[in-house]
1. Against the definition (out of contact with any helix residue (DSSP H, G or I) (no Cβ under 9 Å at 6 or more places or on another chain), part of a helix (DSSP H, G or I) and surrounded by fewer than 16 Cβ atoms within 10 Å (Cβ to Cβ)), how does residue 13 come out, yes or no?
2. Look at region 40-56 and say how many of its residues are surrounded by 14 or more Cβ atoms within 10 Å (Cβ to Cβ) and more than 11 Å from the chain's Cα centre (by Cα).
3. Within the set of pairs 6 or more residues apart or between chains, which connect a residue that is at negative phi and modelled with pLDDT under 95 inside region 14-41 to a residue that is surrounded by 10 or more Cβ atoms within 10 Å (Cβ to Cβ) and not in a loop (DSSP other than H, G, I, E, B) with Cβ atoms less than 6 Å apart?
4. Name every residue in region 25-34 that is assigned to a helix (DSSP H, G or I) and either in contact with a helix residue (DSSP H, G or I) (Cβ under 9 Å, 6 or more places away or on another chain) or surrounded by 13 or more Cβ atoms within 10 Å (Cβ to Cβ) (or both), in order of residue number.
């Protein structure tokens with residue numbers, strides 16, 4: 001597993017799992033407190049979009065890697 005393709009795919013899967021975690025937070029709406037104050041859900045929406053974009057980008061790059 002010393003190929004660039006394997007590393008890119010592994011990174012893509014990890015980013016995909018993290019994006020699913022952020023999506024779960026948006027859907028489940030658990031109460032998250034930061035220093036006693038509730039944290040809004042919009043940062044999770046931004047994180048979901050960014051992580052999903054990284055996941056798809058790395059997957060596309062892995063298809064072009066030798």
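1. Details: out of contact with any helix residue (DSSP H, G or I) (no Cβ under 9 Å at 6 or more places or on another chain): no; part of a helix (DSSP H, G or I): yes; surrounded by fewer than 16 Cβ atoms within 10 Å (Cβ to Cβ): yes.
Criteria not met by residue 13.
2. So the answer is 1.
3. Filtered contacts from region 14-41: 41/26.
4. From region 25-34, those assigned to a helix (DSSP H, G or I) are 25-28; that's our starting set.
Once the filter is applied, which keeps residues that are assigned to a helix (DSSP H, G or I) and either in contact with a helix residue (DSSP H, G or I) (Cβ under 9 Å, 6 or more places away or on another chain) or surrounded by 13 or more Cβ atoms within 10 Å (Cβ to Cβ) (or both), region 25-34 yields 25, 26.
The values are calculated or read from the model by the stated rules, or taken from the named source; none is laboratory data. Bear in mind that the values here come from a model prediction, so they are computed numbers and not experimental data. No Cβ is skipped: glycine too gets one built from the backbone with ideal geometry, and neighbour counts run over all protein chains shown.
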